[in-house]
């Protein structure tokens, strides 16, 4: 029998929180960044090295992708996503909603759910709060997300209210479909665009459903950076202290630092992995483009302060060469570094919260990181 | 000061040889397979894991590719190919000749060398025996190959003779351009197509130049498999006992087994790495195509007898899924397995020669391997 899913607030510094989540698949020290393993693989990284070399604690899987291929029933037959992909740790799956709205064709919305065509083979599918929850159960998600509509930006307050209220009705249906098991959790997703009163209404409706954690949805969907940075503390402050808070799909290192200051505990984003593949590298001196000619004969580390496998063993010159040649090893080594950067940043922030130096540390980091 | 380059014949069983090559960058137990690291990377494999997990002992670099990008002078400035790519072991570089004939455009042959256009940017280059040798020195090749013309197949005896004699004049110029350093070597390349008298003449000319090792060139260039398998012992038997023998660009597991029986010590081929990327997998039960639908829910190892990282941790079902999704991890895991297969096959053959069981072991292996 697994221990129950729980969140312990270990220390606080201002709004910033240092916590620990206990799950059926291991514990997670927060604040934490979750590498994105879209279709059952964090791109270009071996799952064992993700753990042993990068110290990732939890990864994210995309329900939309895994439902379409290989199919949730296949994953279930093969023992769940952890066994399938050789990642024994916690996995959070999104609900599929965001991808239906951003990737699928010929969507048709109704109160019941969304009908869409597969971008792979054009076949028709119908996703509902109940079905999304069932799929996530079949995948064996440690943390299941409620099915919601990601409110587009910009939108009027009336549109945002209508969209949020639909998501809240869907949250109730998702919650009803969720099967409680020790060490597993379901998170509700707060919506309401940039409107404080709608975020408040959304939070109240979610709290009635008593989720094990709460996410902030519908941000970083195109709004200007200033509005994002105003919205994060507004949205986070509405959430209860005793549950994990997850800001979905955000973002740049500076976004993460600001959100940690605002009391957010969990993050995911494709930026470190996707940017690695296009040669955009996060370093302690800011972002570098490895394809630039200045790196052709640069016999120096990617990041002078970094201790990752890539920085310990390879020069910018070699990585520049591999990237230009589109060698698979470029993706392997650059993804490794970018993920190390994000995961180490979170470790730095965790330490700073414990040491009550988060304000100073965050201020210093924000001088260089975008 | 490095120990001199040397080859020790440890034991023999029939024509099969168990040997040890000592070089400036480490020792090599033969018979050995050399993974191909075309442009400074064995595709999809981290160099450190190539050593620690796959026990590769020597890799091959392509002079043609490295000359064009990043350029031999860049590699030299950065400390040579070993340091550049974080592979501290022995490296053999080919002469660039084969690639000029197979990849470059608008070739123009002369007694002096070959003028060709770069397939990358159309720029004009002139490669000679002297320049090829200089490039390989700049790359810091442990084993440098003489520059030769790969005689096409089919060809008349007169054409084969003319081509071989040009290669032998080039071998003499390559030898003159080679700078002896302790622990480094240069190999001459026997040519002569399928004609025994020409192979004999070629060998005699090479022996006059006293190379540190000898390669068999111009095979596996389109001739039927039976002719290849007749030519290998014919060609190998002409070579001296006290020097390493390298069969270039060959081949399938069955080719390697037969060539080891014929007394060949060294091999390279892109098959295990290239085939991994297109999903063709070598197993103890023969070749499988991982994309085939039969593997979709197969919760079994790629190869039931294999102890590699991939087979220890992932099912055919997962690898089938990754391959269909064209995930980078498919290339990583499948390349790892195929290289492990080739390198372990050579280990098996080395053990069998030591134990005087090579005839039986080879016979058994040839029942399943193509």
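The values are calculated or read from the model by the stated rules, or taken from the named source; none is laboratory data. Owing to the predicted nature of the structure, the values given are computational and were not obtained by experimental measurement. Using ideal geometry, Cβ is built from the backbone for each residue, glycine included, and neighbour counts are taken over all protein chains shown.
Do you know which residues across the stretch B:227-272 are within 16 Å of residue B:348 (Cβ to Cβ) and in a helix (DSSP H, G or I)? Spell out the reasoning first.
Step one: filter the stretch B:227-272 for residues within 16 Å of residue B:348 (Cβ to Cβ), giving B:252-261, B:264-265, B:267, B:272.
Those that are within 16 Å of residue B:348 (Cβ to Cβ) and in a helix (DSSP H, G or I): B:253, B:254, B:255, B:256, B:257, B:258, B:259, B:260, B:261, B:272.
Which number in (1) touching a helix residue (DSSP H, G or I) at 6+ places or on another chain (Cβ under 9 Å); (2) touching a residue at least 40 places away in the same chain (Cβ under 8 Å) marks the one condition that residue A:154 misses?
Condition (1) is where residue A:154 drops out.
With the stretch A:4-50 as the region, which strands (runs of 3 or more DSSP E) entirely inside it contain at least 3 residues that are touching a helix residue (DSSP H, G or I) at 6+ places or on another chain (Cβ under 9 Å) and over 29 Å from residue B:49 (Cα atoms)?
In the stretch A:4-50, the matching strands (runs of 3 or more DSSP E) lie at A:6-13, A:16-23.
Exactly one of these conditions fails for residue A:347: (1) surrounded by fewer than 17 Cβ atoms within 10 Å (Cβ to Cβ); (2) in contact with a strand residue (DSSP E or B) (Cβ under 7 Å, 6 or more places away or on another chain). Give me its number.
If we test residue A:347 against (1) surrounded by fewer than 17 Cβ atoms within 10 Å (Cβ to Cβ); (2) in contact with a strand residue (DSSP E or B) (Cβ under 7 Å, 6 or more places away or on another chain), just (2) comes out false.
Residues to consider are B:8, B:22; find the one that is away from chain A (no Cβ under 12 Å) and either under 16 Å from the mean Cα position of the chain (by Cα) or within 23 Å of residue B:137 (Cβ to Cβ) (or both).
Every option except B:22 fails the conditions.
Please determine whether any residue of the stretch A:312-329 is modelled with pLDDT of 95 or more and more than 30 Å from residue B:76 (Cβ to Cβ).
no
Which members of the stretch B:98-113 meet the condition of being within 23 Å of the chain's Cα centre (by Cα) and free of Cβ contacts under 8 Å to residues at least 60 places away in the same chain?
Passing the criteria: B:99, B:100, B:101, B:102, B:103, B:104.
In the set A:323, A:337, A:331, which member is under 19 Å from residue B:37 (Cβ atoms), assigned to a helix (DSSP H, G or I) and more than 9 Å from chain B (Cβ to nearest Cβ)?
A:323
Has the stretch B:68-76 got at least one residue that is facing another protein chain (nearest Cβ under 9 Å), crowded, with 19+ Cβ neighbours inside 10 Å and under 27 Å from residue B:245 (Cβ atoms)?
no
Can you name the residue in the stretch A:51-65 that is in contact (Cβ under 8 Å) with a residue 12 or more places away in the chain and either assigned by TED's automatic domain parsing to the domain that holds residue A:336 or in a helix (DSSP H, G or I) (or both) and is also farthest from the chain's Cα centre (by Cα) among such residues?
A:51
Has the stretch A:274-293 got any residue that is more than 14 Å from chain B (Cβ to nearest Cβ), surrounded by 19 or more Cβ atoms within 10 Å (Cβ to Cβ), more than 24 Å from residue B:79 (Cβ to Cβ) and within 20 Å of the chain's Cα centre (by Cα)?
Yes, some residue in the stretch A:274-293 is more than 14 Å from chain B (Cβ to nearest Cβ), surrounded by 19 or more Cβ atoms within 10 Å (Cβ to Cβ), more than 24 Å from residue B:79 (Cβ to Cβ) and within 20 Å of the chain's Cα centre (by Cα).
Matching residues to (1) under 18 Å from residue A:179 (Cβ atoms); (2) in contact with a strand residue (DSSP E or B) (Cβ under 6 Å, 6 or more places away or on another chain); (3) surrounded by fewer than 17 Cβ atoms within 10 Å (Cβ to Cβ); (4) within 14 Å of chain B (Cβ to nearest Cβ):
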site	(1), (2), (3), (4)
A:26	no, no, yes, no
A:37	no, yes, no, yes
A:55	no, no, yes, no
A:86	no, no, no, yes
A:89	no, yes, no, no
A:120	no, no, yes, yes
A:127	no, yes, no, no
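Among the listed residues A:279, A:286, which satisfies the condition of being touching a strand residue (DSSP E or B) at 6+ places or on another chain (Cβ under 9 Å), at positive phi and in contact (Cβ under 8 Å) with a residue 24 or more places away in the chain?
A:279 is the lone residue from the list that is touching a strand residue (DSSP E or B) at 6+ places or on another chain (Cβ under 9 Å), at positive phi and in contact (Cβ under 8 Å) with a residue 24 or more places away in the chain.
Pull up the stretch B:297-320, narrow it to residues that are at the interface with chain A (Cβ under 10 Å from one of its Cβ atoms), touching a helix residue (DSSP H, G or I) at 6+ places or on another chain (Cβ under 7 Å) and part of a loop (DSSP other than H, G, I, E, B), then point me to the one that is surrounded by the most Cβ atoms within 10 Å (Cβ to Cβ).
B:314
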